Amino acid sequence: MKPGATGLKRIIDATGYSMQGLKAAWINEAAFRQESILLVVMTIVSFFMPVTKVERLMMIGSLFIVVIAELINSAIEAVVDRIGPERHELSGRAKDIGSAAVFVALVLVVITWGSILFL
């Protein structure tokens, strides 16, 4: 077995795979597009809010967590769908748990932004 790339070549290859993943998510996942647009818009909005740098970082960070959760959820859904179209309890559970991760991340955004702006 040939060993994988190392050093700078490995980093370049990994970056390329990551860009392919982001492109695939953008093309195939409406939720990813919506949450990415939300990230950009709300990040810009945060710079017009009367908050400290640390508060802004927390606000923006919570938005990134949503996008990260959506990417993981989309990956889970793709793998489950690849296995087959038939319904299976474990497949449904995997998809539901992935969706729950995105929901919890969105709740974190509401709590973070709400706590900073209204408390």
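What the table below lists for this structure:
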{"item": "The chain, accessible surface, carbon-and-sulfur percent (1.4 angstrom probe)", "result": "71"}
{"item": "Peptides ranked, highest mean first, by Cβ atoms within 10 Å: ranges 98-108, 51-61, 7-17", "result": "98-108, 51-61, 7-17"}
{"item": "0 to 90° range, to nearest 10: angle between helix 53-83 axis and the chain longest Cα axis", "result": "20"}
{"item": "Ratio of the Cα radius of gyration of the chain to 2.2 N^0.38 Å, where N counts its residues", "result": "1.31"}
{"item": "Between 0 and 90°, nearest 10: helix 89-118 axis offset from the chain longest Cα axis", "result": "20"}
{"item": "Nearest-ten-degree value, helix 30-46 long axis tilted from longest Cα axis of the chain", "result": "30"}
{"item": "Point-to-point label distance, Phe47-Gln20, nm (Cα→Cβ direction, 7 Å offset)", "result": "3.4"}
{"item": "Residues of the range 30-118: accessible area per residue with a 1.4 Å probe, Å²", "result": "66"}
{"item": "Gyration tensor verdict on the range 1-51 (Cα atoms; rounded if a/c is under 1.5, prolate if a/b is larger than b/c, oblate otherwise)", "result": "oblate"}
{"item": "Sequence ranges 82-90, 68-76, ranked by mean other-Cβ count within 10 angstrom, highest first", "result": "68-76, 82-90"}
{"item": "Translational diffusion of the range 24-93, µm² s⁻¹ [Kirkwood Rh, Cα pairs; Stokes-Einstein; 4 °C; 1.567 mPa s]", "result": "93"}
{"item": "Approximate spin-label separation Arg33-Arg93, in nm, with each point projected 7 Å along Cα-to-Cβ", "result": "3.4"}
{"item": "Percentage relative contact order, the range 30-118, counting C-alpha pairs under 8 Å, at least six apart", "result": "36"}
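The values are calculated or read from the model by the stated rules, or taken from the named source; none is laboratory data. None of the values given here were measured: they were computed from a predicted structure. We place every Cβ from the backbone using ideal geometry, glycine too, and count neighbours over all the protein chains shown. Areas reflect the complete protein model, heavy atoms only, side chains present, ligands, DNA and RNA absent. Shrake-Rupley method; radii C 1.70, N 1.55, O 1.52, S 1.80 Å.
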